[in-house]
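J.: Below is the structure I would like to discuss, written out as structure tokens.
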Amino acid sequence: MKTKSKKLKALAFPSALSALLGITEPAIFGVNLRYVRPFIMGLIGGAIGGFIASILQLAGSGMSITVIPGILLYLGNGQLLPYILVNVVAVAAGFLLTYFFGFSDKQLEEL
């Protein structure tokens with residue numbers, strides 16, 4: 001959202017959508033590892049989400065992919081709303097940290 005590069009936007013938006021469906025490889029290898037700081041900010045966002053999940057004692061009913069399809073693992077055990085909260089907080093934290101500290105168009109010029 002922050003970059004003016006049309007090429008990077010064309011890569012970042014579809015990879016972000018696939019990450020919400022649990023397939024993170026396009027986001028990791030296509031965008032985050034290329035610029036390093038967005039990857040670190042995403043890790044911090046995930047750590048914040050994991051910390052909150054630990055506090056709320058989230059426990060899925062099985063193993064699967066996360067975010068939107070992962071909702072199915074929390075339907076029967078009464079933890080759906082905490083799961084959604086943890087995901088919203090983790091994604092928002094990663095997004096905000098990356099937006100403010102993890103990326104600038106100067107990085108595109110350096111590559």
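The values are calculated or read from the model by the stated rules, or taken from the named source; none is laboratory data. Computed from a predicted structure; not experimentally measured. Please note: Cβ atoms are built from the backbone with ideal geometry, for glycine as well, and neighbour counts cover all protein chains shown.
J.: I'd like the full set of residues that are aromatic (F, W, Y) and touching a residue at least 60 places away in the same chain (Cβ under 8 Å), limited to the range 52-102.
T.: Passing the criteria: Y99, F101.
J.: Identify, from the list G70, G30, G22, G94, the residue that is small (G, A, S), touching a Ser or Thr at 6+ places or on another chain (Cβ under 8 Å) and closer than 19 Å to M1 by Cβ.
T.: From the options G70, G30, G22, G94, the qualifying one is G30.
J.: On to the next question. Give me the residue from the range 41-62 that is surrounded by fewer than 15 Cβ atoms within 10 Å (Cβ to Cβ), of a type in the set (A, V, I, L, M) and within 21 Å of F101 (Cβ to Cβ) and, out of that set, modelled with the lowest pLDDT.
T.: Ranking the candidates gives L43 first.
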